[in-house]
């Protein structure tokens, strides 16, 4: 519990410590895979090794296709029983995305995967 609280507070401080040049761009999102899949009859958390920068609108048909393609990639390359639920996370602050991914990498029970795609 203390670790979670510290992580949240550190993340908030990190966000607010940026100067005005690091303000978010409404057109840019950072997306990464972060979900649980069944591998060898066990639930395993998988996380992308790095966020992907996308510029397509997250309410667009292109983004919905991006999510659908990502789910298909997970089924094809990681777990054929993946249902497509909650496969990705997105945020507009690159540094925070990197913090969240790096925290996941510290967990020994997480599998880090390489995934690259685009949505423009």
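The values are calculated or read from the model by the stated rules, or taken from the named source; none is laboratory data. Owing to the predicted nature of the structure, the values given are computational and were not obtained by experimental measurement. Glycine gets a Cβ as well: all are built from the backbone with ideal geometry, and neighbour counts include every protein chain shown.
Here are some notes:
- The residues in the range 95-110 that are surrounded by fewer than 13 Cβ atoms within 10 Å (Cβ to Cβ) and either touching a helix residue (DSSP H, G or I) at 6+ places or on another chain (Cβ under 9 Å) or outside any loop (DSSP other than H, G, I, E, B) (or both) can be counted, and the count is 2.
- Qualifying residue in the range 77-85 (condition: within 24 Å of residue 27 (Cβ to Cβ) and surrounded by 13 or more Cβ atoms within 10 Å (Cβ to Cβ)): no
- Taking the conditions (1) farther than 11 Å from residue 119 by Cα; (2) at pLDDT 95 or above; (3) out of contact with any strand residue (DSSP E or B) (no Cβ under 8 Å at 6 or more places or on another chain) in turn, residue 93 satisfies each one other than (3).
- Unmet requirement for residue 72, which otherwise passes all of (1) surrounded by 13 or more Cβ atoms within 10 Å (Cβ to Cβ); (2) under 17 Å from the mean Cα position of the chain (by Cα): (1)
- Qualifying residue in the range 2-12 (condition: modelled with pLDDT of 95 or more and under 14 Å from residue 100 (Cβ atoms)): no
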